[in-house]
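The values are calculated or read from the model by the stated rules, or taken from the named source; none is laboratory data. From a predicted model like this one, the values you see are computed outputs, not experimental measurements. Glycine gets a Cβ as well: all are built from the backbone with ideal geometry, and neighbour counts include every protein chain shown. What goes into the accessible areas is simple: the full protein's heavy atoms, side chains included, and nothing from ligands, DNA or RNA. Shrake-Rupley method; radii C 1.70, N 1.55, O 1.52, S 1.80 Å.
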Amino acid sequence: METSPTPELEEIQHFLVSRPAALAARYEFLTFRTPASGRKWLAGLIDKVGTAKAVHPTRLDSRWVTIAFTSNGLRALGVDEDALATFPEEFRQGMAARADILGATGTNHPDNWRGGMGSDDLHAVIILFACDDKERERCRVEHEKYLTQHEGVEVLSTLDLGAIPSKRSGAHEHFGYRDRLSVPAIEGMGDEPTPGSGKRIKAGEFFLGYPDEEGEGPALPRPEVLSNNGSYIAYMRLEEHVGAFRDFLKQHGKTKDEQELVAAKLMGRWRSGAPLVLSPDKDDPELGGDMQRNNDFNYKEMDPHGYGCPLGAHIRRMNPRDTAVNMERRRMIRRGGTYGPALPEDAPEDGVERGIAAFIGCASLVRQFEFAMNVWMNDKTFHELGNEHDPICGTQDGSFDFTIPKRPVRKKIKGLPQFSTLRGGAYFFLPAIKGLRYLSELETS
Amino acid sequence: MATTAVPTTESRKSPTTETAQPVEREVDVPTQNDWSTPQAMAIPKEGYFKLEKGRYGAIYPRTPSNYGFSVIAKVKPGREQAVRDYGKTIEAAVKGAPNVLAPLKLHYLRWVLFDVGSGLHFMYQGIFDTDFDKYIEDAVALFNATGVTTVFTNLEGWPEDWRTNNPAVIGFFREHQAPSFLEYGEYPYVTADEIKKALKLKETFSGMLDLMQ
């Protein structure tokens, strides 16, 4: 049997491979006014970019830097049109141009995005993860100082992220759900898939230049030194309307327990992370936190009608498991975190923006990321539901339903409110170290 | 091909248990929830009423005869027999594994060879229940896995790097798709799953009546 080549961990940026112990992060979205300024800025930073080999969850680094570029950014650094034309069309068009395909309509539409998102001037993102707020602040000041030496590189916008303090263990988002429970294991990266998560996925599903689940993998965009070992990452800044969410739970649940059940039905998991398929009637926090058990379920045999996990629940849409084909061609790696202050329990909505700002990594934006958005998240006909979008992250405008299968009669919630709004997004290419170096050494004719 | 929740009577509209919901429509097309009234739909030249962008191009509407495509391409010189031979290959594949094409949610496939004076052409016409744009990659994967793809290598314009260039394969299907200008359904908008369920019910019911005699 053919064995896949081992991923070049000393080349690949750590971002999609290692998840360091970071509690804070900062994204800076940049534009290059001149190719030379961008290249000089990049050249001075390459040594600070962590590789998959160097960054390890157990190592005591305190900051982790990642750099990625939009198609316009590659052009702005001097990549010529012939080379750019070998990159996939969806990447070249960018997220804003394909917003309709993603279902980003109404208040989610790029016309409403701020901070240079959706603009042709958006060229790069520098992502910083830091062990804590103090280290993030130190890095912020340092990069600010660095930018003063690079006239022509300007900050379009920034976003600070921080973990939400929680009494419960694990990472949580603003609605209170435990996060980071489903992580694909990649061949050659030493990860062991957790029970129920499926097999190890070939590296070519996430990194260019490796065999993927279908075969030897697509041809590399040119020049290969730029694209090899790289990935595409889709950025999404998703505001979470915590006040509206909590009001909804109160409206549909008289007691605390009933409210928790409604929250669980929307997600497909209790807020502890315990999956409804395994624990349909009451929360089981121990199960929720147990990575050996909290993904160990399927739908076709264990919950075909959705009496536990509704057919349209968030996790059932975003990972239909054994009720969809070619699942191994749709896997993605999500990185990111929460931004904005946590809204204290029982506090009224304060109008402050808070949410999740994440990057979704894959080898094909159209086949992986856009499929998930177009066919799973915002498709009315998903599982023949007819008039539903994803209840948590989908595009909602008050005209869609959410069905909770139940005996003897199902419950249909009509006019589901909008719990989240896409505030910005972009497609980036995440080059490997050689790719970064190539870009920094380009010469403009 | 759709994600398949095991179909339940609950997940489908049933006129006896639920008041009929108005079906959301963006254009003035026949209603979709009345299987008992035959319907025809005239379709604009573009193949759609209103441009709705899918991942690979315009999305074609569901019609009274559901979704489908008619892919027409010229056969490379001297390849007629190779194409014809595939009839037997597919027949054997389905006989060996009757559910092999199930993920495509098909009603019918028709493969036709014809020459109207401009050389031999191949037409692959399919009627199915899922949106062509949404599940095209799954269809291509299935074509590859079952060997259906190899028949296409006998067609002009088929990308030589089809094994590794999914977007090019999808581009071939889209470029060679000839949208209908009229579609008709004697029992409009009914899915293959619904038909199979109804027939199963009939079978069960008739068996029960036999037992009662």
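For the stretch A:253-278 versus the stretch B:34-85, the spacing of their alpha-carbon centroids is 43 Å. Pairing chain B with chain A buries about 2800 Å² of accessible area. This figure sums both sides and uses a 1.4 Å probe.
Checking the table A:250/B:53; A:265/B:105; A:411/B:202; B:45/B:76; A:202/B:134; A:250/B:200 against a 32 Å threshold on Cα-Cα, which pairs fail?
On the way: A:250/B:53 38 Å; A:265/B:105 29 Å; A:411/B:202 29 Å; B:45/B:76 28 Å; A:202/B:134 23 Å; A:250/B:200 43 Å.
Correct reply: A:250/B:53; A:250/B:200.
Mind giving me the FRET efficiency for residue B:204 and residue A:300? R0 is 22 Å, r the Cβ-Cβ distance, nearest 0.05 is fine. If you can, show how the numbers build up before the last one.
On the way: r = 23 Å, r/R0 = 1.02.
E between residue B:204 and residue A:300, to the nearest 0.05, is 0.45.
Each residue, residue B:36 and residue A:168, gets one label point 7 Å from its Cα in the Cβ direction; the gap between the two is 5.0 nm.
Using a Förster radius of 22 Å, what is the FRET efficiency between residue A:225 and residue A:444 based on their Cβ-Cβ separation? Nearest 0.05, please. Each step should come with its number before you reach the end.
Details: r = 17 Å, r/R0 = 0.79.
My answer for the efficiency is 0.80.
Taking all Cα pairs closer than 8 Å and separated by 6 or more residues, the relative contact order of chain A comes to 23 percent. In a DSSP loop and with at most 14 other Cβ atoms within 10 Å, the GluC sites (Glu not before Pro) in the stretch B:183-213 are B:186. Compared with the alpha-carbon gap, the fully stretched path from residue A:93 to residue A:350 is longer by 88.9 nm at 0.36 nm per residue.
Under 18 Å from the Cα of residue A:145, which lysines turn up, not counting those fewer than eight places away in the same chain? Filter leaves A:40, A:48, A:134.
Note: the stretch A:117-187, Cα convex hull, 175 Å³ per residue. Bridging of residue A:53 to lysines at a Cα separation below 16 Å is possible for A:434, once same-chain residues fewer than 8 apart are set aside.
Using a 1.4 Å probe on the protein heavy atoms, what percent of the accessible area of the stretch A:253-348 belongs to carbon and sulfur? Intermediate values should be presented prior to the final figure.
Details: 2070 of 3950 Å².
Percent of accessible area from carbon and sulfur atoms in the stretch A:253-348: 52.
Taking a ≥ b ≥ c as the square roots of the Cα gyration tensor eigenvalues, with a/c under 1.5 meaning rounded and otherwise prolate when a/b beats b/c, else oblate, which class fits the stretch A:358-432? Display every interim value, and only then the final one.
On the way: a/c = 3.23, a/b = 2.11, b/c = 1.53.
It comes out prolate by the Cα gyration axes.
Which one, B:146, B:204, B:69, is farthest towards the positive end of the dipole of the stretch B:56-208 when Lys and Arg carry +1 and Asp and Glu -1 on their Cβ? With unit charges placed on the Cβ atoms, the residue in question is B:204. Packing order of peptides A:222-230, B:105-113, highest average first: A:222-230, B:105-113 (average count of other Cβ atoms within 10 Å over each peptide's residues). Radius of gyration (Cα atoms) of the stretch A:251-321, expressed as a multiple of 2.2 N^0.38 Å: 1.03.
Counting only DSSP beta bridges with both residues in the stretch A:1-145, the antiparallel share comes to about 95 percent.
The calculated 222 nm mean residue ellipticity attributable to helices in chain A amounts to -5000 deg cm²/dmol, summing -39500 (n - 2.57) over DSSP H runs of n ≥ 4 and dividing by all residues. Working note: Cα atoms of the stretch A:1-119, range along each principal axis, descending, whole Å: 43, 43, 37.
Taking the Cα centre of the stretch A:113-238 as origin, sum charge times position over the Cβ atoms of Lys and Arg (+1) and Asp and Glu (-1), and report the length of that vector in debye to the nearest 20.
Values: 15 positive and 22 negative charges, 116 e Å.
With Lys and Arg at +1 and Asp and Glu at -1, about 560 debye.
Taking a ≥ b ≥ c as the square roots of the eigenvalues of the alpha-carbon gyration tensor, the stretch A:304-384 is classed oblate because a/c is 1.5 or more while a/b is no larger than b/c. Based on the Cβ-Cβ distance from residue B:74 to residue A:328, what FRET efficiency comes out when R0 is 51 Å, to the nearest 0.05? In this case the efficiency is close to 0.90. Here chain A carries DSSP beta bridges of which approximately 95% are antiparallel, counting only pairs with both residues inside.
About its Cα centre, the stretch A:341-445 has a charge dipole of approximately 520 debye under the convention of +1 per Lys or Arg Cβ and -1 per Asp or Glu Cβ, with nothing else charged. Overall, the protein assembly as shown carries a charge dipole of about 800 debye about its Cα centre when +1 sits on the Cβ of Lys and Arg and -1 on the Cβ of Asp and Glu, all other atoms neutral.
According to the calculation over all Cα-Cα pairs in the stretch A:145-229, the P(r) per 5 Å bin from zero is 3, 11, 12, 11, 9, 15, 15, 15, 8, 2, 0 %. Working ranking of peptides B:165-178, A:131-144, A:271-284 by packing, defined as the average number of other Cβ atoms within 10 Å per residue, highest first, is A:271-284, B:165-178, A:131-144. Simple rule: put +1 on each Lys or Arg Cβ and -1 on each Asp or Glu Cβ in the protein assembly as shown, find the dipole, and look at A:14, A:429, B:173; the Cα lying farthest toward the positive end is A:14.
Remark: mean inter-chain Cβ contacts per residue of A:88-94 equal 1, using a 10 Å Cβ-Cβ cutoff to other protein chain atoms. Taking the Cα centre of each part, how many Å lie between the stretch A:186-233 and the stretch B:137-213? Distance between centres, Cα-based: 30 Å. Accessible surface for the protein assembly as shown, divided over its residues, is 46 Å² per residue with a 1.4 Å probe. Under the shape rule built on the C-alpha gyration tensor, where the axes satisfy a ≥ b ≥ c, the stretch A:48-117 is oblate, since a/c reaches at least 1.5 while a/b does not exceed b/c. Taking a point 7 Å from the Cα of residue B:58 along the Cα-to-Cβ direction, the residues of the stretch A:80-123 with backbone N closer than 20 Å to it are A:98-103. A convex hull fitted around the alpha carbon atoms of chain A yields 139 Å³ per residue. Selection among A:255, A:198, A:235 by position relative to the dipole of the stretch A:143-289 gives A:255 as farthest towards the positive end (Cβ unit charges, Cα centre).
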